[in-house]
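Beneath this line is the structure, given in structure tokens, with notes to follow.
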Amino acid sequence: MTLFPLVSGYHQISLCKADRKKVAFITETGVYSYKAMPFGLKNAGATYQKLVDRVFASQKGRNIEVYVDDSIVKSRLASDHIDDLRETFETLRKFRMKLNPKKCVFGVRSGKFLDFLVSERGIDANPDKVEAIMNLPEPGCIKDVQKLTGRMAALTRFISKSADKSLPFFNVLKQNKKFKWGETEQAAFEAVKRHLQALPTIARPEEGDTLQLYISASQHTVAAVLIIEKDKAQIPVYFVSHILQEAETRYSLIEKLGLAVLIAARKLRPYFDAHGIKVLTNYPLEKAMQKMDTSGRLLKWAIELSEFHMEYRPRTAIKAQALSDFIVEASYQEEEIEEGKWEVAVDSSVTKSGAGAGVIITSPEGDQFEYAIKFSFQASNNEAEYEAAIAGIQICMAAGARRLILTTDSQLVANQISGEYETKEESMKRYAEKLKQSVAQLESFEIELVPRSENMLADSLSKLASSSVMIKSVMMEVMHRRSTEIVGKEVMVITSQPEWYDTMWTYKRDGTLPTEKTEARRLIRNSCWFIIIRGQLYKRGFSLPLLRCISAYESARLIEEMHEGICGNHQGGKTLALVCQRQGYYWPTMLTDAQEYVKRCEKCQVFSTVINRPANDLMPILNPIPFAQWGMDILGPFTTASGGRKFLIVAVDYFTKWIEAEPVAKITANQVKKFIWKNIITRFGLPMAIVMDHGVQFDCSPVQSFLSLYKVKFAYSSVCHPQSNGQAEAANKQILAAMRKKLDDYKAGWADIVPEILWGNRTTVKEATGESPFRLCFGSEAVIPAEVGLPTFRIQHYEEDKNGQLLRQELDFLPEIRLRAEIRSAAYKQRISNTYNKRVKHRQLEVGDPVLRRTAATGKAKVQGKLTLNWEGPYQIWEEIVPGAFRLMDMGGVALKNSWNVSVLRKFYV
């Protein structure tokens, strides 16, 4: 190996010009600033480390190790060292980095690096630091003790249980500056010197190695050692120790061992991140961290340690002399509080009406529980006695009993279990074996034979159970088969796919891990959140202590019941997931599954809220040709006017905004034909297209035949979507607004003021075009009554001879006026579209999608009052006319009449 330090390291990093003013300083001759990074900056060390990491990125870990300005070139073979040095010097030359030649050491087998002695054997403590402690005299004051503890702190990595060894010295420092050095401190001082004479050589683990962790706990300290096993030899990697605070000394032994693992993981995080760790302990540390009644700190530690790949294994024999301090895992034993004993008194009764048993359970706290069991099968007296005893033991075990005293008045049961009587009959042998199997799971068991007079309460319960009388105050159970009967397991196969918790269940039960390392590490990290209780997997939660883990089939049935069952009100997806969680269930995709189920619920879809936001971008119609496209609609009914007129047929030109309207008594197809002929064709010529709604007077064969005769295209707007014929709707609004303001109390005169309203509208400048409809039609503005009463300039200077010439000149300019109006109209519609489209929430529908249709679109919005469906269907899209307009058919394939806009449709999820 070769050791060489860099020189003027910080000064080799240039500062950005913009940041140089931040390191300025004042001298007598002026203000100066550094051009290179100076010493003293808070982030100077980290910045320089990033520099050397980037410079030696291709070599680091392979043939060089570098930390700030200290570096070491290493080679496995002496023959490779020259090549490694050549590569290193080429890198230094490339980045123009300089070395300190006075401190460089080339071609050595060991050397000092970062104050450690590095060699091919491993890493040893710095002899100078060891010698500094060995040469210390016996401390004579507080300052001498501080020197001792400070020098020991630099070697804690090599000192086994350094906290135990230095604890007497720290006790001296706690005596409020009163120095007291006794025999205990002197013995500890000499023990430290003896230990320093044979410090172990620690190893550097390779990538992929699995490390072992030994832990130890005493009343005042905890310690750990990280080791690696190579060639059947255990080599320490790092020693860790910790002096317990006052509150930590009151931890239980199992909590202190858990704290030792936690401290080791925090201090040695790089090792825990890069390697798998086996914690070797003979205490049930893993189970303690995962028990249901785990204390808050243990659970918190388990969650913090879950990010590491850790396994808990029983201790193996310690082979290294340097680890002799860890042979004893705990240097003290906790005083165990003897658990109280449960008492259970049993008796049986066999009568003509049946057989039964009575069980009286008394807890260690003195609480008494009564339990009656009725047998639905025929049983002898001895069989009933055995059934009573087995049932009593199983009930106590279910309540958590570990120590039990069984009281019975049956000599046969008591003496066969104690071994005084021989069991000959096959049925009795099976019962005795069943009872012994249950007793084997207890820590202690005693059976007492008492006279019948001292077991009267259990006898009364057994007689009650054997009779046909049922008393609600006593808990009673009916047993349908004998406890000795072997019943084959009935398995109903729901799915052949693996469940989400199978790997977790296998790991928690057997410790089996998946073969894939990433999956195994993730499983171990998450295992602290799961626990098996009585054969059922539970997950620890924040809202509830335990959540039962259920399968995919069970979760589907649960969601269905919670959403549509007796207690379900068709809640939303998130609410449904919270309801399932609050009832104590868990599976990983709760929220997603609940939302998907609600999304596909037919009832929720047909009664879902009506969507009022626009579903498609506004599509403005640009028609620059005057009178080429008209929009038609009917306004009314109004109060009956003269001639029985109640309706108003309205037509508007899309470009000039010219409105034609005529009051009629009836709205028939003939009236529509007559209006088109009289008010549009004979006055403005044949149009290219007329847009109408789906009224019967428009959507009929007479009107269609009439328009087809003149090759006029007839277009129909979508049902319940007036925006499709927005120009006609706007004209209706203008006429109706003016009519309301002009009419007084006599509403029947509406038909007589229609010409006035039309005249006013035609001579009003429109915002879209910037011109009045009259001018866009005839090239000049009309003369209005106000100009006659108060003559304007053109009225005062009217010349009949020149008027005709001026009108012809205006007509020559009419194309330019219309072009300007066209451009202004297009810009206006674009602004309107931009504003409208900000509110749009697109609904992506395609041909073949099942959809629901608004009931209001078909006039069924109030058929059933408040209980009417908001949506009906489903239907299927079979044609897209234009973006946002579709033709539908029912699920039987029959096409529906008319087109439907996306605003009255919504996707149906099956």
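A few points about this structure:
- Members of segment 30-47 found to be modelled with pLDDT of 80 or more and either touching a helix residue (DSSP H, G or I) at 6+ places or on another chain (Cβ under 8 Å) or surrounded by 13 or more Cβ atoms within 10 Å (Cβ to Cβ) (or both), listed by number: Ser33, Tyr34, Lys35, Ala36, Met37, Pro38, Thr47
- Remark: pairs (first residue in segment 438-464, open to solvent by less than 30 Å² (accessible area, probe 1.4 Å); second residue among the acidic types (Asp, Glu); Cβ separation under 7 Å; 6+ apart in sequence or on different chains) = Val450/Asp409; Asn455/Asp347; Asn455/Asp409; Ala458/Asp347; Asp459/Asp347; Leu461/Glu370; Ser462/Asp347.
- Lone qualifier among Val882, Val910 - being within 30 Å of Leu776 (Cβ to Cβ) and in contact (Cβ under 8 Å) with a residue 12 or more places away in the chain: Val882
- Residue ranges of strands (runs of 3 or more DSSP E) in segment 621-723 with at least 2 members under 24 Å from Phe778 (Cα atoms): 629-635, 647-653, 659-664, 689-692
- For beta carbons closer than 9 Å, sequence separation of 6+ or different chains, a first residue in segment 234-262 that is closer than 19 Å to Ala203 by Cβ and in a strand (DSSP E or B) and a second that is open to solvent by 50 Å² or more (accessible area, probe 1.4 Å) and among the basic types (Lys, Arg), the qualifying pairs are Gln234/Lys319; Val237/Arg204; Tyr238/Lys267; Val240/Lys267.
- Residue match in segment 210-222 (condition: in contact with a strand residue (DSSP E or B) (Cβ under 8 Å, 6 or more places away or on another chain), open to solvent by less than 30 Å² (accessible area, probe 1.4 Å) and assigned to a loop (DSSP other than H, G, I, E, B)): yes
- Residues in segment 777-817 that are outside any loop (DSSP other than H, G, I, E, B) and of a type in the set (Val, Ile, Thr): Val788, Ile795, Ile817.
- Hits in segment 563-578 - residues which are more than 21 Å from Trp500 (Cα to Cα), open to solvent by 40 Å² or more (accessible area, probe 1.4 Å) and in a helix (DSSP H, G or I): Glu564, Lys574, Thr575
- Any hit, segment 397-411, residues being open to solvent by 60 Å² or more (accessible area, probe 1.4 Å), in contact with a Ser or Thr (Cβ under 7 Å, 6 or more places away or on another chain) and either acidic (Asp, Glu) or within 20 Å of Ser348 (Cβ to Cβ) (or both): no
- Flag if Ile486 is modelled with pLDDT under 85, β-branched (Val, Ile, Thr) and assigned to a helix (DSSP H, G or I): no
- Options Glu422, Glu443, Glu454: the member that is touching a Lys or Arg at 6+ places or on another chain (Cβ under 6 Å) and among the acidic types (Asp, Glu): Glu443
- Criterion: within 30 Å of Met692 (Cβ to Cβ), free of Cβ contacts under 8 Å to residues at least 40 places away in the same chain and of a type outside the set (A, V, I, L, M) - qualifying residue of Arg762, Arg794, Arg775, Arg740: Arg740
- So Gln583, is it under 30 Å from Thr609 (Cα atoms) and surrounded by fewer than 19 Cβ atoms within 10 Å (Cβ to Cβ): yes
- Filtering segment 764-775 to residues that are open to solvent by less than 40 Å² (accessible area, probe 1.4 Å) and of a type outside the set (Gly, Ala, Ser) leaves Lys766, Thr769, Glu771, Pro773.
- Within segment 397-420, considering residues that are charged (D, E, K, R) and modelled with pLDDT of 85 or more, the one nearest to Gly358 (Cα to Cα): Asp409
- Within the option set Ser833, Ser825, Ser903, being within 34 Å of the chain's Cα centre (by Cα) and of a type in the set (Gly, Ala, Ser) holds for one residue only, Ser903.
- Of the criteria (1) open to solvent by 40 Å² or more (accessible area, probe 1.4 Å); (2) under 17 Å from Arg204 (Cβ atoms); (3) modelled with pLDDT of 90 or more, which one Arg266 fails: (2)
The values are calculated or read from the model by the stated rules, or taken from the named source; none is laboratory data. Quick caveat, the model's predicted, so the values are computed rather than measured. All Cβ positions, even for glycine, are placed from backbone atoms using ideal geometry, and neighbour counts span all protein chains on display. These accessible areas exclude ligands, DNA and RNA; they are computed on the full protein's heavy atoms, side chains included. Shrake-Rupley method; radii C 1.70, N 1.55, O 1.52, S 1.80 Å.
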